[in-house]
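Worksheet: the structure to be examined is printed underneath.
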Ligand SMILES: [Ca+2]
Ligand SMILES: [Ca+2]
Ligand SMILES: [Ca+2]
Ligand SMILES: [Ca+2]
């Protein structure tokens, strides 16, 4: 792992040099990492050149924005938003997966998010293309939901989620326990179903950036919806005048939701010995029918729990075992 990171940093430096970036160009990590208690960048308001990173998302809002990933820092401080203020749709030809470097951009804080402001004097260079990186596994406790108080004001207890700002994250084994919260009343709460009553194991999400959402929410998102995983890009929303300061996981497509797992008969998002016990209890049973299909053990739904089902079970054996 250490070797990979070293090589990546070397590659970035070389890339920067190849792109003609000055030697004092900053990495995404340099810009994002901070020791400031309020989470603001140590380079805020500076005009900088940036080695950049892999484009993991494009968003066509009022000011189009890119989300970039610095693969040398998967453990934190490795995400950054770049916002186009030129009014010319400067990133229209940019594709997800491409490495972008920047010159003459301004480091800003916007509603709690560090961003590179891309303006008329700014420039960018497109480098190599990379596969879209996997989301980074965290727990809801790592990006914890805010607490309420006074009424309708929401703030986080601490900013420990700050290091994950603008990173593509994955939380697992969660249930939607509240909806209609936050500034746009579109935030929902994901609660770990392994720690159902511990508020530290809940986090906020929203679907406003999800191209498959209908209205405020993705169709999968309802009170009580249960997911083996939800992925998204972490965004902060800070508005001190309203008493709001929280982090939200922004889903982007239907693929960001993992609803269930084939052969997971006890519904805990894995296929292990407990599931095999439940499967074996129905072995060679007949007369399986909708909606139960012999406890789900008739996986191919041919009314018998038979060898093809065992084959299917085996294909899913220890899926999600980590
Ligand atoms: Ca922040
Ligand atoms: Ca930040
Ligand atoms: Ca299971
Ligand atoms: Ca069958």
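Among the residues examined, residue 287 qualifies as surrounded by fewer than 16 Cβ atoms within 10 Å (Cβ to Cβ) and touching a residue at least 12 places away in the same chain (Cβ under 8 Å).
Only one of (1) at pLDDT 95 or above; (2) in contact with a strand residue (DSSP E or B) (Cβ under 6 Å, 6 or more places away or on another chain); (3) surrounded by fewer than 15 Cβ atoms within 10 Å (Cβ to Cβ) is not met by residue 209, so which one is it? So the condition that residue 209 fails would be (3). So if I check each of 179, 174, which one is buried (at least 21 other Cβ atoms within 10 Å of the Cβ), outside the structural domain of residue 297 (by TED's automatic domain parsing) and under 22 Å from residue 141 (Cβ atoms)? Selected residue: 174, the only one of 179, 174 that is buried (at least 21 other Cβ atoms within 10 Å of the Cβ), outside the structural domain of residue 297 (by TED's automatic domain parsing) and under 22 Å from residue 141 (Cβ atoms).
Test residue 132 against the criterion of being farther than 21 Å from residue 182 by Cβ and at pLDDT below 95, and give yes or no. So residue 132 fits the description; yes. Identify, please: which residue in segment 236-260 is modelled with pLDDT under 95 and assigned to a loop (DSSP other than H, G, I, E, B) and is, among those, nearest to ligand 1 (Cβ to nearest atom)? Checked segment 236-260; the qualifying residue nearest to ligand 1 (Cβ to nearest atom) is 243. For segment 219-230, name all the residues that are part of a loop (DSSP other than H, G, I, E, B), on the phi < 0 side of the Ramachandran plot and surrounded by fewer than 21 Cβ atoms within 10 Å (Cβ to Cβ). Matches in segment 219-230: 219, 220, 222, 223, 225. Kindly indicate whether residue 290 is in a loop (DSSP other than H, G, I, E, B), more than 8 Å from ligand 4 (Cβ to nearest atom), outside the structural domain of residue 174 (by TED's automatic domain parsing) and under 30 Å from the mean Cα position of the chain (by Cα). Here the answer is no, as residue 290 does not meet what is asked.
Scanning segment 251-267 for residues that are within 18 Å of residue 204 (Cα to Cα) and crowded, with 21+ Cβ neighbours inside 10 Å turns up 251, 252, 256, 257. Checking the structure you have, find out if any residue of segment 116-137 is surrounded by 17 or more Cβ atoms within 10 Å (Cβ to Cβ), within 14 Å of residue 231 (Cα to Cα) and away from ligand 4 (no atom under 16 Å from the Cβ). The answer is yes, given that some residue of segment 116-137 is surrounded by 17 or more Cβ atoms within 10 Å (Cβ to Cβ), within 14 Å of residue 231 (Cα to Cα) and away from ligand 4 (no atom under 16 Å from the Cβ). Only one of the numbered conditions (1) more than 30 Å from residue 185 (Cα to Cα); (2) surrounded by fewer than 19 Cβ atoms within 10 Å (Cβ to Cβ); (3) within 16 Å of ligand 2 (Cβ to nearest atom) is violated by residue 105, and that is (2).
Would you check if there is a residue in segment 86-103 being over 14 Å from residue 28 (Cα atoms) and either in contact with a helix residue (DSSP H, G or I) (Cβ under 6 Å, 6 or more places away or on another chain) or within 16 Å of ligand 4 (Cβ to nearest atom) (or both)? No - not one qualifying residue is present in segment 86-103. When the residues of segment 31-62 are narrowed to those that are without any contact (Cβ under 8 Å) to a residue 24 or more places away in the chain and either within 16 Å of ligand 4 (Cβ to nearest atom) or over 21 Å from the mean Cα position of the chain (by Cα) (or both), which ends up surrounded by the most Cβ atoms within 10 Å (Cβ to Cβ)? Filtering first and then ranking leaves 42. Could we say that residue 278 is within 16 Å of ligand 1 (Cβ to nearest atom), at pLDDT 95 or above and surrounded by 13 or more Cβ atoms within 10 Å (Cβ to Cβ) here? For residue 278, the condition - within 16 Å of ligand 1 (Cβ to nearest atom), at pLDDT 95 or above and surrounded by 13 or more Cβ atoms within 10 Å (Cβ to Cβ) - is not met.
The values are calculated or read from the model by the stated rules, or taken from the named source; none is laboratory data. Because the structure is a prediction, the values reported are computed rather than measured. Please note: Cβ atoms are built from the backbone with ideal geometry, for glycine as well, and neighbour counts cover all protein chains shown.
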